[in-house]
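The values are calculated or read from the model by the stated rules, or taken from the named source; none is laboratory data. These numbers come from a predicted model, not from an experiment. Cβ atoms come from the backbone with ideal geometry, glycine included; neighbour counts cover every protein chain shown.
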Amino acid sequence: MIESREPAPDPKAAFAGAPFVVLLVISGGLNQFTANTLKSLRRVGVPPQSICLFCSAAAKPEIEPLFPVLGPSKLLVLEDVVESREPANGEAYSDYGTADFGRFTFNKWKAIQWLMEAGAKQVIYTDVDIAWRRNPIPLLLSIAKVFDVALQTECQPTFPPHFCTGFMSLRNSPFTHALLQSLVKVHMTMLKAKPEIHDQQVFNALVSRNLKLMKNIFPLSEAVFPNGLLARFFTRQDPELGKLFDARIQHAIFHANFTVGLDNKRKMLEITGNWLP
């Protein structure tokens, strides 16, 4: 007797028509940071079913125990779903500026492409050294009515702004598809000459070469979406000065970048009150 088997469900079906998906792309060694970001997403009310994690096969055993935190979130293995000539690697965390770090960040573009091909209308990417403090999704969806892409920026006195690809919002549009195709192509080419090149350098290089792209890219407020250079927003209080204000900055996220190494990142998150119990 021949047993009939149901075809395996298409993993893309879960994202077809989703108004937004919050995306994390994770290597090994980041389970505690991943848990912290997921707790912060839950704290600000992001629906678990709107969260998608892409991890390397090597990282999956570390990430699966987080499912009590994830709820009905989706966990996908990069090697299973992302067609790429660049292996996912990601067996362990690699510090910023290393070749392993650069190669792994290439998978970010492929994961975003995959979700858009699946039919997600908006992809909001977040690094796992980021804690969400208030829900910025309504703001990001409003920005997407005019701009295809919005990114965190890094307090540099330059034009174009120095974009940070650790926090991005991308609308599923012809512009975004073309931009992602260019990023994949340029990143692959640059990796051959400079193995440590990473996604953020590739993005900023592409924009600098073609400033017309800026018409479709929105720089997010550095006060509302602060990075590590602005950590003092969270640690220095002047009671007298505070009495003069009739409003306060509503920080949406805090990104513990501008420091290298997991110990330093955790310390920065702890000092700024963004490491959750």
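Descriptive notes on the structure:
- Residues (of a type in the set (Val, Ile, Thr), outside any helix (DSSP H, G or I) and under 25 Å from residue 183 (Cα atoms)) located in segment 204-234: 217
- Within segment 211-224, the only residue that satisfies the criterion of being under 30 Å from residue 100 (Cα atoms) and at pLDDT below 95 is 222.
- Looking across 146, 123, one residue alone is touching a strand residue (DSSP E or B) at 6+ places or on another chain (Cβ under 9 Å), of a type in the set (A, V, I, L, M), surrounded by fewer than 17 Cβ atoms within 10 Å (Cβ to Cβ) and not in a helix (DSSP H, G or I). It is 146.
- Residue that is under 18 Å from the mean Cα position of the chain (by Cα), surrounded by 19 or more Cβ atoms within 10 Å (Cβ to Cβ) and farther than 28 Å from residue 132 by Cα, where the choices are 187, 198: 187
- Residue match in segment 225-246 (condition: at pLDDT 85 or above, closer than 21 Å to residue 38 by Cβ and polar (S, T, N, Q)): yes
- Total residues in segment 247-263, condition small (Gly, Ala, Ser), modelled with pLDDT under 80 and farther than 21 Å from residue 221 by Cα: 0
- Yes/no for residue 180 being touching a Cys at 6+ places or on another chain (Cβ under 6 Å), in contact (Cβ under 8 Å) with a residue 12 or more places away in the chain, part of a helix (DSSP H, G or I) and not small (Gly, Ala, Ser): no
- Output for segment 46-62, where each listed residue is more than 15 Å from residue 124 (Cα to Cα) and surrounded by fewer than 21 Cβ atoms within 10 Å (Cβ to Cβ): 57, 58, 60, 61, 62
- Count of segment 133-143 residues, restricted to those that are assigned to a helix (DSSP H, G or I) and in contact (Cβ under 8 Å) with a residue 12 or more places away in the chain, is 5.
- Counted residues, segment 58-107 - those being over 21 Å from residue 262 (Cα atoms) and modelled with pLDDT of 80 or more: 7
- Residue 18 being part of a loop (DSSP other than H, G, I, E, B), at pLDDT below 90 and within 19 Å of the chain's Cα centre (by Cα): no
- Criterion violated by residue 158 - all others in (1) without any contact (Cβ under 8 Å) to a residue 40 or more places away in the chain; (2) closer than 25 Å to residue 36 by Cβ satisfied: (2)
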